[in-house]
1. Could you order V45, V29 so the one with the most accessible surface comes first? Probe is 1.4 Å.
2. Suppose only helical runs count, i.e. DSSP H with n ≥ 4. What mean residue ellipticity at 222 nm does that imply for the chain under -39500 (n - 2.57) per run, divided by all residues and rounded to the nearest 500 deg cm²/dmol?
3. I want to make sure I understand the PRE zone here: with the label point 7 angstrom from the Cα of K46 toward its beta carbon, which residues in region 1-38 have backbone N atoms less than 18 Å away?
4. Please report the Cα spread of the chain along all three principal axes, rounded to whole Å, starting with the longest.
5. With θ taken as phi - 60° and the coefficients 6.51, -1.76 and 1.60, list the Karplus ³J(HN,Hα) couplings across region 32-41 in order, rounded to whole Hz; mark glycine and proline as x.
Amino acid sequence: MTTETITPAPARARAIFSTEDFQLLKTAVMTHLQRPEVQDSPESVKYSNLYHRLGRL
């Protein structure tokens, strides 16, 4: 006679951000990109890419 241990199935993953959150993040990134000190920095390309990725979601 053997006893088997039954492990419960893992809980379903929930989304961290809502659709509305992505729009807010996109607006925040665009506002940040429009600042003169950011426009001239090398990081501006990274922020621009992030803005476009948020738009695809």
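The values are calculated or read from the model by the stated rules, or taken from the named source; none is laboratory data. Note that the structure is a prediction, hence the values are computed from the model and not measured. No Cβ is skipped: glycine too gets one built from the backbone with ideal geometry, and neighbour counts run over all protein chains shown. Just the protein is used for accessible areas: all its heavy atoms, side chains included, with ligands, DNA and RNA removed. Shrake-Rupley method; radii C 1.70, N 1.55, O 1.52, S 1.80 Å.
1. V45, V29
2. My calculation for the chain gives -17000 deg cm²/dmol from helical runs alone.
3. 26, 28-38, by backbone N distance to the label point.
4. Extents along the principal axes, in whole Å: 74, 24, 16.
5. Per-residue couplings from phi come out as 5, 5, 7, 5, x, 5, 7, 4, 8, 8 Hz.
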